[in-house]
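These notes are about the structure you will find just below.
The values are calculated or read from the model by the stated rules, or taken from the named source; none is laboratory data. All figures in this text were calculated on a predicted structure; none of them were measured in a lab. Heads up, the Cβs are rebuilt from the backbone with ideal geometry, glycines too, and the neighbour counts pull from every protein chain shown. Each accessible area value is taken on the protein alone, full model and side chains, heavy atoms only, with ligands, DNA and RNA left out. Shrake-Rupley method; radii C 1.70, N 1.55, O 1.52, S 1.80 Å.
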Amino acid sequence: SATNKAIINAEIADIRYREQLQCMSLNIYHEARSDSTLGQEAVGMVVMNRVFDNRYPDTVCDVVYQAHVNGNGNPIRNKCQFSWYCDGKSDRIPESENWERAKAVAWDILNTNEYRGLAEGATHYHATYVNPYWSRSASMDEIGQIGAHLFYRWQS
């Protein structure tokens, strides 16, 4: 019946939403767990800016897990968009205040427009203690620093 189909569709939408929320939470946790809440929000907005940019995949999970893969489809170490995903370290999350905060920030990002302009359209960032090759590209504009990360966007 139409009612059953609507219920099933709503359940599927809820599962997909929870998957996207989990991906955003994991990325915020692994990339910025020791950063300020503002720094975590900026890292989360980079993911959203990529979702809205046609150069990148169109879901949070697809953006977070975007990587160069080997012949078996497994991510190649240190060839991922977000370093935590393929750095060879454990991705296990201990129950902690940092994990709870990352989940709360992820929820805010996916459910409000409160942080929409925070990262000023940034699609890239890196920790202040590294200097990746792409940050020196003529096609990237450095926006500035928020917390422990420097943020960049494509030149207009």
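If contacts are Cα pairs under 8 angstrom and at least 6 residues apart, what is the relative contact order of region 1-150 in percent?
After rounding, I find 28 percent.
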Sum -39500 (n - 2.57) across every DSSP H segment of at least 4 residues in the chain, then divide by the residue count to get the 222 nm mean residue ellipticity, nearest 500. -14000 deg cm²/dmol
Expressed in nanometres to one decimal, the distance between label points 7 Å along Cα→Cβ at Asp62 and Glu19 is 1.1
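For Tyr129 and Asn70, what is the calculated FRET efficiency with R₀ set at 22 Å and r taken between the beta-carbons, to the nearest 0.05? List each step's numbers first, then the result.
On the way: r = 29 Å, r/R0 = 1.30.
Computed FRET efficiency for Tyr129 and Asn70 comes out at 0.15.
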Name the shape class, rounded, prolate or oblate, that the alpha-carbon gyration tensor gives for region 93-138, where a ≥ b ≥ c are the square roots of its eigenvalues, rounded holds for a/c under 1.5, and otherwise prolate holds if a/b is larger than b/c and oblate otherwise. oblate
Please return the longest range in the chain lying between exposed loop sites, taking GluC sites (Glu not before Pro), DSSP loop only, at most 12 other beta-carbon atoms within 10 Å, and leaving the sites out. 1-94
Just flag the chymotrypsin sites (Phe, Trp or Tyr not before Pro) in region 18-71 sitting in loop per DSSP whose Cβ has no more than 13 other Cβ atoms within 10 Å. Phe52
So, with +1 on the Cβ of K and R and -1 on the Cβ of D and E, and no other charges, what is the size of the charge dipole of the chain about its Cα centre, to the nearest 20 debye? 420
Considering the values [x] 1.10; [y] 1.05; [z] 1.01, which represents Cα Rg over 2.2 N^0.38 Å as calculated for the structure under consideration? [x]
For Ile12, solvent-accessible area (1.4 Å; no DNA, RNA or ligand), Å²: 70
Please list, in order along region 39-49, the HN-Hα scalar couplings obtained from phi with the Karplus expression 6.51 cos²θ - 1.76 cosθ + 1.60 (θ = phi - 60°), rounded to whole Hz, x for Gly and Pro. x, 5, 4, 5, 4, x, 5, 4, 4, 5, 4
